[in-house]
Amino acid sequence: MSPIVFIALKLLTERKRQALVSTLGVAIGVAAFISMSAVMNGFQLYFIRQAIDINAHITLRVQEEDDEGRILRAAYGDGVVADVLGSRPKELKDKIIGYNNFLRQYTADPRVMGIAPHLTGEGIINYGTKDRGVSMIGVDPALERTASVVDDYLEHKNLDKLVTDRNSVILGSELARDLGIKEIGKKITIVSPTGGLYTLEVADFFDSGITSIDKTRVYFNMRTLQAILDKPNQVNELIVKLHDVDDAENIALEMSRDTGYYAESWQRAFRNFLQIFKMQNMITFMIVFAILIVSAFGIFNIMMMTVLEKKKDIAILKAIGYEDREITRIFVLQGILVGFVGALLGCLFGYLIQEWLASLQFDIVGIIRTKGFVLDRSPSYFVYGFLFAMLFSFLASFYPSWRASKLFPVDIFRSSV
Amino acid sequence: MSVILEGRDLRKSIGDNPILNGISIAVEKGDFTSIVGSSGSGKSSLMYVLGLLDSPTSGEVYVDGRKVDFTDSKSLSDIRNRKIGFVFQFHYLIAELTASENVIVPMLKHGIKRPEAKDRSFALLSELGLKGKEGRKPYQLSGGEQQRVAIARALANDPEIVMADEPTGNLDSKNSALVMDVFLELNEKGRAILMITHEPELAERTKKVHEIKDGLIIGGEEAAPGG
Ligand SMILES: Nc1ncnc2c1ncn2[C@@H]1O[C@H](COP(=O)(O)OP(=O)(O)OP(=O)(O)O)[C@@H](O)[C@H]1O
Ligand SMILES: [Mg+2]
């Protein structure tokens, strides 16, 4: 053992309380980092995964849902579009023409896992005395399976009931709860935009965990919805599932070009959420950074105090032949040891906190619904937490240690009379 | 006799304040030299320069006949570690270390392995009458014992010269006498000692006495003033 390690260890372990306090400071910082990252990223990853799976990786629509002036404004500036009062919107094209060709073309594309047609529309559902506005989706169950994971979220796995009984519907679980429907087989009434009334039977419930979807969505057989909306053989949406979700942006762009319709990637569909997540991550990062800074200041402070208290020891060490850089190392080593042990403890605490969080069972109802926290328990948070702590404790102890090494022993010998 | 340490025309000023005004002094093997003088005369300043803890404004220091390069901090550290032992008015023991560990610290720097260093520290402490107290922390020792541990530390690397700045300044007369006896004994065994003291009765017992006034040696080697 080198004399530096010997002296550093002695100085550190003989002042247990100080060492313990600063070690705990680091441990708390690291544990906070690990557990907060797990919760935040767990939530975000869960949300994104669910949302992507349910809403498709790419959605091909007749037109972008944003207002039409957007493109003009983007190209020519804000002043260019004026509202013309009294004008009536011209008849909009509202179907995808030749969708069967697209189906064939993209089914053959090796990057595409599946593609399915939708007819969507707004309607009103009525059960007993209750009415709700709903977004209706007509699907072809066989194709739907290739492009979405809708099956996974059905309580009774009755997707095929839409085929065997064309007058079946599948309700979002939250919608069903709102209406007071607890079991399948109930009859509901759908009011079409033109005022037609249709009685259908509830075949299943759909529970994705994404509240906004579960509260509004109703699945129909494609033919049934075409009849209700009076749009025979029409389709206004294609959903696409890809092998690699990260390809979505590029492929969506290609599809837009090829088809002339608007293809929206999941990234674009969820850009608001992704933006919010970015903010969330920034905030988490800032909080954790603040905690780490505080614990670094803890080390800094204690090292500064130690150096002040140890002036005489530093003076005598230099007098008996220790060089400046050896003095620096003696003190930096103490900081690093504190950081190292603190980081290890922090990883342990972080793990225990994750275990505890994972064991919690309670209903989370927000933009997603789960029982307890969804954690992202990636080992990388442990690695990062550990490295951050080591870096911070090195930086925090370096300056005080350097100061220590610059003490002039004669000044100490003179002044301590 | 061979000269171990020599200062030639040492001058030192701090700011406009002249502290050493041209001191030449030599310490030979077997010397027991004391430096006396009134407070503020420059005794400590001289020892810091001779002990390579501080650099002179002008003049040279020779150790074993070799001129010291005051800009080479590594070699200054080396010489201090191997050839000079320091004892101050206060013991400057490291509170976290035991008596034996305090003595080991300079040896480790010298490159002596721990088991050997430990044996040596025990031997030194026992020579200084501290047998059985090797494992005590400084606060568990009396003032005189602490100072003897400090002397053991000064002897750790078997230096050619021990420099002591009022080593008894903080001790009662009994402990003072004990420490003085230790120095006399060390000197008898051939070790050179340079001791600063206020006390004429201690200076009388040394072989050479230099009196310093205003940064100059005024008393010659043989002219030991009786007080
Ligand atoms: N940092 C400094 N700045 C200015 N003057 C200083 C400084 N250090 C010491 N001195 C002056 O140098 C002179 C010599 O000081 P030194 O400590 O060598 O005296 P001394 O003989 O050891 O005194 P004492 O017997 O009190 O220990 C004193 O006049 C002191 O005031
Ligand atoms: Mg003095």
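The values are calculated or read from the model by the stated rules, or taken from the named source; none is laboratory data. Only a predicted model underlies this, so the values are computations on that prediction, with no experimental measurement involved. Positions of Cβ are generated from backbone atoms using ideal geometry, with glycine treated the same way; all protein chains shown enter the neighbour counts. Please note that ligands, DNA and RNA were not included when accessible areas were found on the heavy atoms of the full protein model with its side chains. Shrake-Rupley method; radii C 1.70, N 1.55, O 1.52, S 1.80 Å.
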Among the numbered criteria (1) modelled with pLDDT of 95 or more; (2) at the interface with chain A (Cβ under 9 Å from one of its Cβ atoms); (3) in contact with a Leu (Cβ under 7 Å, 6 or more places away or on another chain), which one does B:GLU96 miss? (1)
Can you find, within segment B:32-43, the residue that is farthest from the chain's Cα centre (by Cα) among those that are surrounded by 21 or more Cβ atoms within 10 Å (Cβ to Cβ) and either away from ligand 1 (no atom under 12 Å from the Cβ) or within 14 Å of chain A (Cβ to nearest Cβ) (or both)? B:GLY42
Of the residues in segment A:328-340, those that are open to solvent by 20 Å² or more (accessible area, probe 1.4 Å) and either of a type in the set (A, V, I, L, M) or farther than 30 Å from A:TYR384 by Cβ (or both) come to A:LEU333, A:ILE336, A:LEU337
May I ask you to list the residues in segment B:105-134 that are open to solvent by less than 30 Å² (accessible area, probe 1.4 Å), touching a Leu at 6+ places or on another chain (Cβ under 8 Å) and either under 24 Å from A:ILE330 (Cα atoms) or charged (D, E, K, R) (or both)? B:VAL105, B:ALA117, B:GLU134
All conditions in (1) within 14 Å of another protein chain (Cβ to nearest Cβ); (2) buried (at least 16 other Cβ atoms within 10 Å of the Cβ) are true of A:ARG325 except (2)
Just to check your reading of the model, which residue among A:VAL235, A:VAL240, A:VAL288 is among the aliphatic types (A, V, I, L, M) and over 25 Å from A:VAL150 (Cα atoms)? A:VAL288
With respect to B:ASN17, is the statement that it is within 16 Å of ligand 2 (Cβ to nearest atom) and over 20 Å from the mean Cα position of the chain (by Cα) true? yes
Go through B:LEU20, B:LEU76, B:LEU46 for me and flag whichever is farther than 27 Å from A:ILE330 by Cβ and either out of contact with any helix residue (DSSP H, G or I) (no Cβ under 8 Å at 6 or more places or on another chain) or open to solvent by 10 Å² or more (accessible area, probe 1.4 Å) (or both). B:LEU46
Those strands (runs of 3 or more DSSP E) completely within segment B:120-227 that have 1 or more residues that are acidic (Asp, Glu) and touching a Lys or Arg at 6+ places or on another chain (Cβ under 8 Å) are B:161-165
Test: residue in segment A:290-309 that is surrounded by fewer than 20 Cβ atoms within 10 Å (Cβ to Cβ) and either modelled with pLDDT of 95 or more or facing chain B (nearest Cβ under 10 Å) (or both): yes
If you check B:GLY7 against the conditions, is it outside any strand (DSSP E or B), over 11 Å from B:GLY215 (Cα atoms) and away from chain A (no Cβ under 14 Å)? no
Could you check how many residues of segment A:4-46 are part of a helix (DSSP H, G or I), free of Cβ contacts under 8 Å to residues at least 24 places away in the same chain and within 14 Å of chain B (Cβ to nearest Cβ)? 5
Residue list for segment B:102-126, filter: in contact with a helix residue (DSSP H, G or I) (Cβ under 8 Å, 6 or more places away or on another chain) and among the small types (Gly, Ala, Ser): B:ALA117, B:SER121
Out of the residues in segment B:99-119 that are of a type in the set (Val, Ile, Thr) and within 20 Å of the chain's Cα centre (by Cα), which is nearest to the other protein chains (Cβ to nearest Cβ)? B:VAL105
Residues (touching a helix residue (DSSP H, G or I) at 6+ places or on another chain (Cβ under 6 Å) and either aliphatic (A, V, I, L, M) or open to solvent by 80 Å² or more (accessible area, probe 1.4 Å) (or both)) located in segment A:270-289: A:VAL288
If a residue counts only when it is closer than 16 Å to A:SER22 by Cβ and away from ligand 1 (no atom under 16 Å from the Cβ), which helices (runs of 4 or more DSSP H) contained entirely in segment A:303-417 have at least 1 such residues? A:324-359, A:379-405
Quickly run through segment A:124-162 and pick out the residues that are modelled with pLDDT of 90 or more, open to solvent by less than 50 Å² (accessible area, probe 1.4 Å) and touching a Leu at 6+ places or on another chain (Cβ under 8 Å). A:ILE125, A:VAL134, A:MET136, A:ILE137, A:GLY138, A:VAL139, A:PRO141, A:GLU144
Quick check on this structure: which one of B:THR197, B:THR168 is of a type in the set (Ser, Thr, Tyr), within 16 Å of ligand 1 (Cβ to nearest atom), within 21 Å of B:LEU130 (Cα to Cα) and surrounded by 20 or more Cβ atoms within 10 Å (Cβ to Cβ)? B:THR168
Any residue in segment B:13-28 that is away from every other protein chain (no Cβ under 14 Å) sitting within a Cβ distance under 7 Å of a residue that is within 11 Å of ligand 1 (Cβ to nearest atom) and charged (D, E, K, R)? List the pairs, counting only those 6 or more apart or interchain. B:ASN21/B:ASP214
Scanning segment B:58-85 residue by residue, those within 19 Å of B:LEU216 (Cα to Cα) and either of a type in the set (A, V, I, L, M) or within 14 Å of chain A (Cβ to nearest Cβ) (or both) turn out to be B:VAL61
Counting just the residues of segment A:394-417 that are among the polar types (S, T, N, Q) and at pLDDT 90 or above, which one comes out farthest from ligand 2 (Cβ to nearest atom)? A:SER397
